[in-house]
Amino acid sequence: MIFNCVIMCGGSGSRLWPLSRKKLPKQFLKLVNNKTMLQNTILRFKKLEDKLEKINYTIICNKDHYFIIDKQIHELKLENNFRIICEPEGRDTAAVVAIASLIEHENTNTVVVPSDHIFDDDEICNVIVNGLKYINDGIITMGIKPKSPQTGYGYINVDDSNNTIKFVEKPDLETAQKYFEDGNYLWNSGLFLFKNKNMIKCFNSYANDILHNCKNTIKNTDISSEVIHLDSLSFEKCKKISIDYAIMEPLTQSKNKVVNCYTIPYNGYWSDIGSFDSLYNEIKKDQNNNVIKGDVITLDTNNCYIESENKTVTTIGLKDLVIVDTRDALLVCDKSKSQDVKKMTKLVNDKKKELLEIHAKAYRPWGWYTNIEGNDYSGFKVKRIGVYPKKRLSLQSHDKRSEHWVMIKGKAKVQVGKDFHILHKNQSVYIPIGVLHRMENIGSEMVEFIETQIGDYLGEDDIKRYQDDFGRV
């Protein structure tokens, strides 16, 4: 029996800004150990292979993230049974689940899981295996036993026979207290287990428009490759709605259910790393109960989360604070107010939107670049750029700027107009305004070079692409 493990990789992790940003959100960061949240998720569910016959992995993500996922999968050095599905635009979890139920045979068993949660690995695998006894006639969810009244999670009302009575959206504190005391309400984990044909029945009855658009999406998409780019015209017609609203609420409220609905309680450890406070709780502390990452020196500082990306941070006489210093942004907040980081991102969006989009070190399919000095309107900008072995930048030109490249590592073939150059460390080349150019790593190690841009406007949108290995325009 083939079992399809679908890992949802959407979301921007805005409560963990400035670590998490839209182009590199929290699921792709090494937050709690030397693996990213996505890598930990893959390894967690690999343990299911000891209990089930065969597992395929489908990772559904934003189109801008597929190359990050591909690289992180290869870092794990696992066998090649992974497929990446790229959404042209986020449509919340209902469309994700619909695509997941249609992409494999209707009798395939599927589990849909988040990519950025922490579980007790063995316990979560046991819950999934236990849920299989219900899979022929129902949709199975997993509910987490609440440790306290919480207003940040949805709830599931369950009876003693694991029948799901209803899904409840995030309550106010008074209602959350009642749910906690009742004992029959569990936190909604966002995990779903089903036989594909049963989920398709649900969409056919409760969200037929989404099912129709997802069927058209797959019909108009080449699904034969390991990286699948969903047809944008069809997929973008899907309603933006969660699986809870689109399917689970009408299913549990229906008098004549098309399938049954069950919830398996999960009693192990769980965290969704939804804030710096929860991240702080996950990481080993020093003798003063501080989480320290990077070059940090403290004096009379207690119960703090302090992280520095590239400079020395010193503190005196502080307690219960979050301090996160990246190359281009500094966050300081009371640890108890860390949920309000999301509110701060809305203020940042009004003044410096780019700080929410991309890190100072930005990753691309061919490598990465770091802004060292300057901005779009400063007249000059200096970048350090890295190109992976056997990768190359697009063939491009600029209308507003010239560029000077100085090699600091590796071996590259550089095209400037009709001329080609082989460059090594300490060699350079000049690219005038409007001239076609391209950099290709032809060696076995990273190519790194310093790019100095000169011009009245230096934005990333001043790029005309003529050829690109990654389908960008």
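Bear in mind these aren't lab numbers, they're just calculated from the coordinates by the rules spelled out. Worth saying up front: this structure is predicted, and the values here are computed from it rather than measured. Glycine also receives a Cβ, built like all others from the backbone with ideal geometry; neighbour counts cover every protein chain displayed.
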Review point. Within the chain, which cysteines find no other Cys whose Cβ is under 4.7 angstrom from their own?
Key: C5, C86, C125, C202, C214, C238, C261, C304, C333
Review point. Within region 283-345, how many Lys pairs sit with Cα atoms under 15 Å apart, leaving out pairs fewer than 8 places apart on the same chain?
Key: 8
Practice item. Answer with a single label: of (i) 16; (ii) 26; (iii) 32, which was calculated as percent of Cα pairs over 41 Å apart from the structure in view? Key: (ii)
Study note, to complete from the structure: Computed, not fitted: 222 nm per-residue ellipticity of the chain from DSSP H runs ≥ 4 (each -39500 (n - 2.57)), nearest 500, equal to -6500 deg cm²/dmol
**Study point:** Angle between the chain longest axis and helix 92-103 axis [Cα atoms, degrees, rounded to 10]
**Key:** 80
Point to revise | Dipole magnitude of region 2-271, debye to nearest 20 (Cβ charges: Lys/Arg +1, Asp/Glu -1, about Cα centre) | key: 380
Review point. Tell me, what is the FRET efficiency for F180 and K255 to the nearest 0.05, using R0 = 22 angstrom and their Cβ-Cβ distance as r?
Key: 0.15
**Study point:** Antiparallel bridges, percent of DSSP beta bridges restricted to region 283-345 (to nearest 5)
**Key:** 30
Check your understanding: Any idea how far apart E460 and S378 come out in nm if each label point goes 7 Å out from Cα toward Cβ?
Key -> 1.7
Practice item. Label region 2-271 by shape, choosing from rounded, prolate and oblate, from the square roots a ≥ b ≥ c of the eigenvalues of the Cα gyration tensor; if a/c is under 1.5 it is rounded, and otherwise prolate applies when a/b is larger than b/c, oblate when it is not. Key: rounded
Study note, to complete from the structure: Everything considered on the Cα gyration tensor (a ≥ b ≥ c; rounded for a/c under 1.5, else prolate if a/b is larger than b/c, else oblate), region 283-345 must be described as oblate
**Study point:** K293-I442 FRET efficiency (beta carbon distance; Förster radius 35 Å; 0.05 resolution)
**Key:** 0.45
